[in-house]
Amino acid sequence: MPACSPRAEGAAALRIGGLQRFTSIDYPGALAAVVFVQGCAWRCVYCHNPQLQGRQPAPGIPHWAEVHDWLRTRRGLLDAVVFSGGEPTLDPALPAALDAVRALGFRTGLHTAGMAPRRLQAVLPSLDWVGLDIKAPLHDGGAQHDRITGVHGAAGAVARSLALLLQSGMAVQLRTTVHPQWISAEELQTLRQELARGGAPDTVVQPGQPPTRPSLAAGLVRH
């Protein structure tokens, strides 16, 4: 079992927005728990967890110490722990939390939109798998990406994050949420051609729906 890193003590500051205690689909080929991290700099039009956009967790959300104690009881039952969000790379305590999870013997996964390539690069040595959201074509000036995220120039950061992941040789899954209102069939084809030219795997298409139902993370606490 990996030794506990000194920086793992800083995991207590992680802003947790929810906990999914079991999933078979969030880390390919593994049984996992998902820790939702509070905070996101984007305002995607199809966001289903808008309450995770701010940094202040809702009342009743467990702190890291509770999550860590629970994970101790899952050793031998779960294979991995995935950090999702929000955007987990924006939380300064993510590196420490990854160290703490590895010290318990779990594989580590990350769901990210790639908005912070330098922060992503810093945690790559502590990760086993990454799921990267690719919102729209990245090399067309990023106009459609800007419309989806509500942030100008966001596509460039995602392109840099994708390059980092491909250079690292890490296991990665690319995912794109598709709805005719947000991304056309032609734009999806453009994105797929971009990825193929860059040697990236094809993106997994996720059907998009307007965010009218309650957030997933909101109901995943203390089950």
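The values are calculated or read from the model by the stated rules, or taken from the named source; none is laboratory data. Only a predicted model underlies this, so the values are computations on that prediction, with no experimental measurement involved. Here the Cβ positions follow ideal geometry from the backbone for every residue, glycine too, while neighbour counts run over all protein chains shown. The protein model used for the area step is the full one, side chains on, heavy atoms only, and it has no ligands, DNA or RNA in it. Shrake-Rupley method; radii C 1.70, N 1.55, O 1.52, S 1.80 Å.
Per-residue SASA remark: Val151, around 40 Å² accessible (1.4 Å probe; ligands, DNA and RNA not included).
Using a simple spin-label model with pseudo-atoms 7 Å out from Cα toward Cβ, Gln173 and Leu188 lie 1.8 nm apart.
Here the chain is scanned for trypsin sites (Lys or Arg not before Pro) in DSSP loops (not H, G, I, E, B) that have at most 15 other Cβ atoms within 10 Å, and the longest stretch holding none of them is 56-221. Of Ile61, Ile25, the order by accessible heavy-atom surface (1.4 Å probe, DNA, RNA and ligands excluded), from most exposed downward, is Ile25, Ile61. Across the stretch 150-157, computed HN-Hα scalar couplings (Karplus, 6.51 cos²θ - 1.76 cosθ + 1.60, θ = phi - 60°) run x, 10, 6, x, 5, 4, x, 5 Hz from first to last residue, x flagging Gly and Pro. Simple spin-label model, 7 Å along Cα-to-Cβ: Asp202 to Ala13 in nm? Computed distance between label sites Asp202 and Ala13 equals 4.4 nm. Ordered from largest to smallest accessible area (heavy atoms of protein chains, 1.4 Å probe), the residues His111, His145 come out as His111, His145.
Per-residue accessible area (protein heavy atoms, 1.4 Å probe) orders Val123, Val172 as Val172, Val123, starting from the largest. Between Arg118 and Arg75, residue separation times 0.36 nm minus the direct Cα-Cα distance comes to 12.3 nm. The HN-Hα couplings worked out from phi for the stretch 141-147 by the Karplus form 6.51 cos²θ - 1.76 cosθ + 1.60 (θ = phi - 60°) are x, x, 4, 5, 4, 4, 5 Hz, whole numbers, x standing for Gly and Pro.
Think of the stretch 6-207 as a dipole: +1 on every Lys or Arg Cβ, -1 on every Asp or Glu Cβ, centred on the Cα centre; then among Gly17, Thr112, Leu174, Gly17 lies furthest on the positive end. The modelled label-to-label distance for the pair His152/Phe22, using points 7 Å beyond Cα in the direction of Cβ, is 4.9 nm. Amide hydrogen proximity for Gln206: with H placed 1.01 Å from N in the peptide plane, the residues at 5 or more positions away or on another chain lying under 5 Å are Thr176, Thr177, Val178.
This structure gives log10 I(q)/I(0) by the Debye sum over Cα atoms at q = 0.09, 0.12, 0.13 Å⁻¹, computed directly, and of (i) -0.34, -0.62, -0.73; (ii) -0.38, -0.68, -0.80; (iii) -0.43, -0.75, -0.86 that value is listed as (i). Residue by residue, the stretch 161-178 carries 3J(HN,Hα) couplings of 5, 4, 4, 4, 5, 5, 5, 6, x, 5, 5, 9, 10, 9, 9, 10, 7, 10 Hz when phi is fed to the Karplus relation 6.51 cos²θ - 1.76 cosθ + 1.60 (θ = phi - 60°); x denotes Gly or Pro.
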